[in-house]
Amino acid sequence: MLVLFETAAGYAIFKVLDEQKIQEVDSLWKEFETPEKANKIVKLKHFEKFQDTTEALAAATALVEGKIGKTLKKVLKKVVAKEAHEQLAITDAKLGGVIKDKLNLSCVHSPAVAELMRGIRTQMEGLITGLPPREISAMSLGLAHSLSRYKLKFSPDKVDTMIVQAISLLDDLDKELNNYIMRCREWYGWHFPELGKIITDNLAYCKSVRKLGDRTNVATSDLSELLPEEVEAEVKLAAEISMGTEVSEQDIGNIMHLCDQVIEITEYRSQLYDYLKNRMMAIAPNLTVMVGELVGARLISHAGSLLNLAKHPASTVQILGAEKALFRALKTRRDTPKYGLIYHASLVGQTTAKNKGKISRMLAAKAALAIRYDALAEDATAEMGVENRAKLEARLRHLEEKGIRRISGTGKATARADKYQHKSDVRVYDPSGDSTLPSGSKKRKFEELEAEEPEAQPAETKTKKPKKEAAAAEPEAVEEEVEEPPKKKKKKKEKKQEAEPVEEAEPMEEVAEETTEKKKKKKKKKVKEEEED
């Protein structure tokens, strides 16, 4: 049996002298306690040394990926093919399958082989002659560094950790600057409060305070380098009539020291911004073109690295930074946010409020492609980012013009996409058809109405009298009503009893008609009684 053993210095082929002892897996380690015992089990047959670290790296990467490198193929054809009848013991079963397919050699991989490899590794210095221990350790260290760098695809220009730290520091500097400037304005405002309203720029304010000191020095100092002529004249005029309090020289010294700090931090911030801009163009040029340096850097910082950001889909990139709003919307079952950090991109900022959601969605889709291209491409250029940005700008112009433009003549206006609402048609059972009661009462009522109508007509004709007679008859009728109240009450009760419905199941409409008919009959009878009197 032959044994293929890989080292950082080269490939070694061993010949197994006693195969029976190899089968005893539990006690095999005893045979490799000393180099003398190890030489009785295995013997070095051939050693192929690597020429340099590059060759060692190529061989190691081929083994990791389960492939046969050029050096290994050369060794197998040169040494093992001569003794093709013997089996070849290997460490990796996947590599054994490839060797068997390509070179038609029988390979063995078992627990006994793994224990044998472990024993050879412990006594490697004694088994491989002509290779000093110092050289083996140096080759091992060099190969380990090269392999790690190859796996990570290490490049000094591709380190996105610098971007994460730079954008975090930039945000911290902005917060500190705001605090310092607020303190400086408030502190010096006790001495010269009018200056804060005249000079709105923070850096110019601190430089002016640094140059002036006490407000009494305004008349003698020249601020033309810092301020325009109109502002300078206004400052000098305000200093003469200022309402501020007097402060000591020690207070002015501390205020000026604070102004120095603000000026230094501002200068360092501008330098850091230039550094961040250059790093972003080197690491993620397409993302920088799409969303800008600051937004791109914040996206990378939020995801942790450029590779992690490349794993996110476009929908996640769109709402990255708005996780709190997203989960609150999901919890309360309301509309989810349309944008997160990407809201601060220039393309989203220059759109109207109606189209911000559409543009942020399209920008996130193109930005996701740009991120993957920047993270995974070997030679990334900004061409793809420029093309995609041009497409987005054209789409933005189309959306903006769509709401303004209308087709002249009889053409239709732009279609409006209404919110979809599901309409369900629910049919309700109608119980009116279930009634089995007779409807003869309705016919009887109709016949009574038809009989009363001809009697009412002559009564109406008789009531027509001159106005004077009617006016004279009214007081007489009132006197009679006062004299005979009980008779009329009896008549009313009789009429009510006659007009009561025969059946209780009649509809409400007939009851309403009966009441109107009763009122008419009462009026007619009153008129008849007045005429008779």
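The values are calculated or read from the model by the stated rules, or taken from the named source; none is laboratory data. Bear in mind that the values here come from a model prediction, so they are computed numbers and not experimental data. With ideal geometry, Cβ positions are generated from the backbone for all residues, glycine too; neighbour counts draw on all protein chains shown. The area values use the complete protein model at the heavy-atom level, side chains included, leaving out ligands, DNA and RNA. Shrake-Rupley method; radii C 1.70, N 1.55, O 1.52, S 1.80 Å.
Where helices (runs of 4 or more DSSP H) fall entirely within the range 297-395, those with at least 1 residues that are modelled with pLDDT of 90 or more, in contact with a helix residue (DSSP H, G or I) (Cβ under 9 Å, 6 or more places away or on another chain) and not hydrophobic (A, V, I, L, M, F, W, C) are at 306-310, 314-318, 346-349, 356-376. In the set (1) farther than 30 Å from residue 292 by Cβ; (2) assigned to a helix (DSSP H, G or I), residue 221 fails one condition alone, (2).
Among the residues of the range 92-114, not a single one is assigned to a helix (DSSP H, G or I), modelled with pLDDT of 80 or more, closer than 21 Å to residue 137 by Cβ and not acidic (Asp, Glu).
With the structure loaded, tell me whether residue 172 is in a helix (DSSP H, G or I), farther than 30 Å from residue 14 by Cβ and not aromatic (Phe, Trp, Tyr) or whether it fails that test. So residue 172 passes the test.
For residue 81, the conditions (1) of a type outside the set (Lys, Arg); (2) open to solvent by 40 Å² or more (accessible area, probe 1.4 Å); (3) modelled with pLDDT of 80 or more all hold with the exception of (3).
Does residue 360 satisfy the criteria of being among the hydroxyl-bearing types (Ser, Thr, Tyr), surrounded by 19 or more Cβ atoms within 10 Å (Cβ to Cβ) and farther than 20 Å from residue 163 by Cβ? Yes, satisfied.
Quick one: in the range 234-258, which of the residues that are touching a residue at least 40 places away in the same chain (Cβ under 8 Å) and among the hydroxyl-bearing types (Ser, Thr, Tyr) is most open to solvent (accessible area, probe 1.4 Å)? Checking each candidate, the answer is 245. Within the range 62-72, the set of residues being assigned to a helix (DSSP H, G or I) and within 46 Å of the chain's Cα centre (by Cα) comprises 62, 63, 64.
If you go through the range 378-394 and keep only what is over 7 Å from residue 286 (Cα atoms), open to solvent by less than 50 Å² (accessible area, probe 1.4 Å) and over 22 Å from the mean Cα position of the chain (by Cα), you end up with 380, 394. Return yes or no: is residue 138 surrounded by 15 or more Cβ atoms within 10 Å (Cβ to Cβ), under 55 Å from the mean Cα position of the chain (by Cα) and part of a helix (DSSP H, G or I)? So residue 138 does not fit the description; no.
Of the residues making up the range 32-45, those that are surrounded by 15 or more Cβ atoms within 10 Å (Cβ to Cβ) and either at pLDDT 85 or above or closer than 11 Å to residue 3 by Cβ (or both) are 41, 42, 44. Residue-level check: of (1) among the aliphatic types (A, V, I, L, M); (2) part of a helix (DSSP H, G or I); (3) open to solvent by 50 Å² or more (accessible area, probe 1.4 Å); (4) farther than 30 Å from residue 53 by Cα, residue 195 misses just (3). In this structure, residue 59 does satisfy being assigned to a helix (DSSP H, G or I), open to solvent by less than 90 Å² (accessible area, probe 1.4 Å) and within 19 Å of residue 90 (Cβ to Cβ).
If the condition is being over 9 Å from the mean Cα position of the chain (by Cα) and in contact (Cβ under 8 Å) with a residue 24 or more places away in the chain, then the range 307-333 contributes 307, 309, 310, 312, 313.
Under the condition of being surrounded by 14 or more Cβ atoms within 10 Å (Cβ to Cβ) and either farther than 20 Å from residue 9 by Cβ or of a type outside the set (Asp, Glu) (or both), which residue from the range 84-96 is farthest from the chain's Cα centre (by Cα)? Filtering the range 84-96 for residues that are surrounded by 14 or more Cβ atoms within 10 Å (Cβ to Cβ) and either farther than 20 Å from residue 9 by Cβ or of a type outside the set (Asp, Glu) (or both), the one farthest from the chain's Cα centre (by Cα) comes out as 86.
With respect to residue 208, determine if the residue is out of contact with any Lys or Arg (no Cβ under 6 Å at 6 or more places or on another chain), closer than 24 Å to residue 277 by Cα, open to solvent by less than 50 Å² (accessible area, probe 1.4 Å) and not aromatic (Phe, Trp, Tyr). Judged against the criteria, residue 208 is not a match.
When the test is whether a residue is out of contact with any Lys or Arg (no Cβ under 7 Å at 6 or more places or on another chain), of a type in the set (Lys, Arg), surrounded by 14 or more Cβ atoms within 10 Å (Cβ to Cβ) and not in a loop (DSSP other than H, G, I, E, B), residue 21 passes it.
When the residues of the range 98-128 are narrowed to those that are of a type outside the set (S, T, N, Q), open to solvent by 30 Å² or more (accessible area, probe 1.4 Å) and under 52 Å from the mean Cα position of the chain (by Cα), which ends up farthest from residue 75 (Cα to Cα)? For the range 98-128, the residue satisfying everything is 111.
Among the candidates 262, 231, which residue alone is modelled with pLDDT of 90 or more, surrounded by 19 or more Cβ atoms within 10 Å (Cβ to Cβ), assigned to a helix (DSSP H, G or I) and not hydroxyl-bearing (Ser, Thr, Tyr)? The conditions single out 262.
Listed by first and then second residue, the pairs linking a residue in the range 47-62 that is within 11 Å of residue 9 (Cβ to Cβ) and of a type outside the set (A, V, I, L, M, F, W, C) to a residue that is part of a helix (DSSP H, G or I) and open to solvent by 60 Å² or more (accessible area, probe 1.4 Å), with Cβ atoms under 6 Å apart and 6 or more places separating them unless they lie on different chains, form an empty list. Would you mind stating whether residue 74 is of a type in the set (Lys, Arg) and free of Cβ contacts under 8 Å to residues at least 12 places away in the same chain? Spelling it out, it is not the case that residue 74 is of a type in the set (Lys, Arg) and free of Cβ contacts under 8 Å to residues at least 12 places away in the same chain.
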